[in-house]
Amino acid sequence: MSNGTLYDKVWDRHKVTQLPTGQDQLFVGLHLIHEVTSPQAFGMLEERDLEVAFPELTHATVDHIVPTADQSRPYGDDAAERMMSELEENVRNAGIEFSDPTTGDQGIVHVIGPEQGITQPGKTIVCGDSHTSTHGAFGALAFGIGTSQIRDVLATGTIAMEKQKVRKIQVDGELGEGVEAKDIILEIIRRLGTEGGVGYVYEYAGSAIEDLGMEGRMSICNMSIEGGARAGYVNPDETTFEWLKETDYFQENPEQFEELKPYWESIRSDDDAEYDDIVHIDADALEPVVTWGTTPGQGIGISDPIPAPEELAEDKQETARRAQEHMRVEPGETMEGYEIDVAFLGSCTNARLPDLRRAAAIIKGREVHEEVRAMVVPGSQRVQEAAKEEGLKDTFEEAGFEWRNAGCSMCLGMNEDQLEGDEACASSSNRNFIGRQGSKDGRTVLMNPQMVAAAAVSGEVTDVRELKEVTKV
Amino acid sequence: MSEDIDIPEVDYVSGSGIPIRGNDIDTDQIIPARFMKVVTFDGLGEFAFFDLRFDENDDTKDHPMNEARYQDASIMVVNNNFGCGSSREHAPQALMRWGIDAIIGEGFAEIFAGNCLALGIPTVTADTETIQELQEWVDENPDQELEVDVEAETVTYGGQTIDVTVDDAQRKALVDGVWDTTALMKANAGAVRKKAKELPYVQESAIPEAE
């Protein structure tokens with residue numbers, strides 16, 4: 001069993017009692033809700049004549065179904081309008097703060113929590129969304145839950161959980177040009193498997209993690225769940241504190257910053273903490289990673305050959321065969337030159353300001369390939385606004401990208417933004433599952449934002465490091 | 001406040017089986033996102049595995065859920081990392097509404113297993129070989145019953161009883177009928193308020209008065 005890790009400490013601080021099931025009842029410090037997984041939970045509450053126990057510790061936004069083009073109400077899609085109205089009614093009745101699109105604070109739930117400063121170290125954070133692991137970047141214990149558990153949290157402010165093991169993933173070295181946080185996590189999932197993290201929480205540590213800004217750390221923690229780990233975290237440090245200081249919450253409550261800092265420092269994993277497992281990753285050896293298959297674990301370095309199914313572990317072979325058939329790729333080839341129809345820059349993994357900046361730096365002075373439909377969907381209204389002020393919107397639009405409003409968009413195809421037929425998409429999102437982007441014949445290639453930009457320009461999967469210099473600016 | 005929700009004990013599930021083969025079957029496969037544009041779980045059963053069961057013209061494809069012999073099945077036999085990906089409870093809700101009462105597999109994604117537990121659906125595990133044998137047996141005996149004994153951690157089929165694993169907390173919750181945790185945890189409201197007061201980041205104003 002682990003001992004002295006952030007996970008152990010935060011768990012202990014939030015444990016209310018042990019339940020008769022043997023699970024612990026944990027206090028929930030922040031409950032984020034959105035329109036897709038919460039309405040049924042509010043319905044269950046009503047059936048039982050229960051109220052929301054801690055409305056002040058609950059925060060809502062709308063992201064999954066929100067249109068990214070025309071957002072005038074009522075939404076063009078009746079089902080989307082109904083979900084939005086239901087959420088509006090639920091939060092109004094319960095007195096829950098709602099970052100709706102009229103506030104300028106709306107966005108993907110895992111982008112807005114950190115932006116507003118309500119995501120903090122040492123909090124327990126839950127949301128009916130598997131990518132809640134994102135908030136672990138701040139040293140919070142954050143994980144996704146199902147709708148019945150949302151009911152539990154709404155009604156009691158707590159959740160029933162069993163404690164997991166802790167695996168430390170030590171990433172040392174320096175990332176090379178064109179290589180990002182996304183590539184670290186894709187490599188981790190490739191190496192440990194999509195189910196490798198089941199039963200574990202991942203602690204990301206090492207110099208390559210410490211060197212990352214908060215956005216990069218969020219990209220990594222975000223995809224913990226793709227490796228089977230329900231939660232992942234980074235110990236809070238000066239980078240974390242600097243970010244927090246600038247957020248609304250601590251700008252409005254500066255005294256809170258000084259008051260809470262000792263707590264944040266106290267929950268860091270001890271130097272002599274004990275882990276259930278430790279894995280080492282060499283950041284120097286990484287190159288941009290792209291997926292060739294239909295699970296996030298099916299990734300390779302851009303210059304590596306696609307593996308033959310029989311080279312893989314026995315339990316991965318059948319999945320690999322089906323994936324290669326779906327993606328129409330051959331073992332032995334690299335992914336370079338794989339033709340794409342769509343470039344999607346967005347999602348809770350990679351749609352924050354630095355993500356957009358890096359992609360824009362590649363796009364500047366270039367043009368989207370004539371056969372490619374390219375779109376940028378900022379992670380939040382604030383990202384959208386800041387990017388506009390910096391001129392990134394112009395850069396993208398001049399190159400031929402569509403510039404959209406904030407939301408989950410084509411990451412999961414719950415609004416109008418979907419792949420059609422067997423289109424192939426270079427995507428900065430987190431899941432390449434069959435059907436994920438809205439078409440069951442669609443083909444998703446996951447990659448970092450710079451690589452998406454490079455693919456958008458060349459019309460095929462391209463090593464961003466080898467793009468020719470822009471001559472005209 | 002009414003707390004008279006009847007939580008049945010789930011110590012034993014029996015019924016005929018249906019094999020769903022493949023590792024890493026994600027919840028987007030189990031219920032594609034477009035069917036989640038709803039505000040209740042009612043009626044999700046018909047959309048379970050929709051894109052694997054129907055083509056673009058809504059004609060049926062080869063899938064166990066389309067086969068007449070499995071229409072009465074209530075125990076699903078799956079492979080490894082079943083239910084990975086999105087946390088959507090719509091996935092087990094769809095399976096439950098299709099008729100599934102228990103799932104036997106090599107391994108389950110955590111959020112999925114937790115969602116199943118919240119619905120009183122056991123997710124019991126066994127090794128690769130055992131699962132393959134079980135899937136083959138179900139193929140050959142689609143109208144025969146399997147018996148999942150949650151408390152004893154066994155599955156009985158075709159005249160034999162094999163050992164399976166049920167997570168400790170899950171077993172206790174199901175067998176004792178305490179898998180619906182809302183009432184259980186609500187009963188500790190006093191301790192919850194006390195815990196909230198101890199946490200440095202929780203403001204006094206956020207803590208409700210005692211009921």
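Points worth noting:
- Scanning the stretch A:157-193 for residues that are under 19 Å from the mean Cα position of the chain (by Cα), surrounded by fewer than 24 Cβ atoms within 10 Å (Cβ to Cβ) and not in a helix (DSSP H, G or I) yields one hit, A:Gly193.
- Checking A:Trp403 against (1) surrounded by fewer than 24 Cβ atoms within 10 Å (Cβ to Cβ); (2) more than 14 Å from chain B (Cβ to nearest Cβ); (3) of a type outside the set (Val, Ile, Thr); (4) in contact (Cβ under 8 Å) with a residue 60 or more places away in the chain, the condition it does not meet: (4)
- Residue match in the stretch A:309-322 (condition: more than 14 Å from chain B (Cβ to nearest Cβ), over 16 Å from A:Val445 (Cβ atoms) and in a loop (DSSP other than H, G, I, E, B)): no
- Tally of residues being crowded, with 21+ Cβ neighbours inside 10 Å and not hydrophobic (A, V, I, L, M, F, W, C) across the stretch B:97-124: 8
- Within the stretch A:53-63, considering residues that are more than 8 Å from chain B (Cβ to nearest Cβ) and touching a His at 6+ places or on another chain (Cβ under 9 Å), the one farthest from B:Thr182 (Cα to Cα): A:Asp63
- Across the stretch A:354-379, the number of residues qualifying as under 17 Å from the mean Cα position of the chain (by Cα) and either more than 14 Å from A:Ala399 (Cβ to Cβ) or surrounded by fewer than 21 Cβ atoms within 10 Å (Cβ to Cβ) (or both) comes to 5.
- Only one of the numbered conditions (1) within 7 Å of chain A (Cβ to nearest Cβ); (2) surrounded by fewer than 15 Cβ atoms within 10 Å (Cβ to Cβ) is violated by B:Val178, and that is (2).
- Those residues of the stretch B:199-211 which are more than 8 Å from every other protein chain (Cβ to nearest Cβ) and assigned to a helix (DSSP H, G or I), in sequence order: B:Glu204
- Within the stretch B:44-58, restricting attention to residues that are outside any helix (DSSP H, G or I) and at pLDDT 95 or above, the residue that is nearest to the chain's Cα centre (by Cα) is B:Ala48.
- As a summary of the residue check, A:Pro309 satisfies the conditions (1) under 26 Å from A:Gly216 (Cα atoms); (2) surrounded by fewer than 20 Cβ atoms within 10 Å (Cβ to Cβ); (3) not hydroxyl-bearing (Ser, Thr, Tyr) except for the one numbered (1).
- Some residue of the stretch B:123-136 being among the aliphatic types (A, V, I, L, M) and either touching a Lys or Arg at 6+ places or on another chain (Cβ under 7 Å) or more than 21 Å from B:Ala48 (Cβ to Cβ) (or both): yes
- Filtering A:Gly22, A:Gly4, A:Gly29 for residues that are farther than 27 Å from B:Phe41 by Cβ and at pLDDT below 95 leaves a single hit, A:Gly22.
- From the options A:Ala343, A:Ala359, residue that is touching a residue at least 12 places away in the same chain (Cβ under 8 Å) and either touching a Lys or Arg at 6+ places or on another chain (Cβ under 8 Å) or in a strand (DSSP E or B) (or both): A:Ala343
- Filtering B:Val178, B:Val138 for residues that are among the aliphatic types (A, V, I, L, M) and outside any loop (DSSP other than H, G, I, E, B) leaves a single hit, B:Val138.
- Verdict on A:Ser303 being among the polar types (S, T, N, Q), in contact with a helix residue (DSSP H, G or I) (Cβ under 7 Å, 6 or more places away or on another chain) and not assigned by TED's automatic domain parsing to the domain that holds A:Thr134: no
- Between A:Phe241, A:Phe250, the distinction of being more than 30 Å from A:Asn3 (Cβ to Cβ) and buried (at least 16 other Cβ atoms within 10 Å of the Cβ) belongs to A:Phe250 only.
- Of all the listed residues (A:Glu469, A:Glu460), the sole one being out of contact with any Ser or Thr (no Cβ under 7 Å at 6 or more places or on another chain), farther than 30 Å from A:Ala80 by Cα and free of Cβ contacts under 8 Å to residues at least 24 places away in the same chain is A:Glu469.
- Residue in the stretch B:13-34 that is within 10 Å of chain A (Cβ to nearest Cβ), part of a loop (DSSP other than H, G, I, E, B), touching a helix residue (DSSP H, G or I) at 6+ places or on another chain (Cβ under 8 Å) and closer than 29 Å to B:Thr181 by Cα present: yes
- Filter result for A:Thr147 (within 22 Å of the chain's Cα centre (by Cα) and within 11 Å of chain B (Cβ to nearest Cβ)): yes
- Figure legend. Inter-residue proximity from the stretch B:105-131: first residues assigned to a strand (DSSP E or B), second residues acidic (Asp, Glu), beta-carbon distance below 7 Å, spacing 6+ or different chains. Indicated pairs: B:Thr125/B:Glu106.
The values are calculated or read from the model by the stated rules, or taken from the named source; none is laboratory data. Because the structure is a prediction, the values reported are computed rather than measured. A quick note on method: Cβ atoms are made from the backbone with ideal geometry, for glycine too, and the neighbour counts reach across all protein chains shown.
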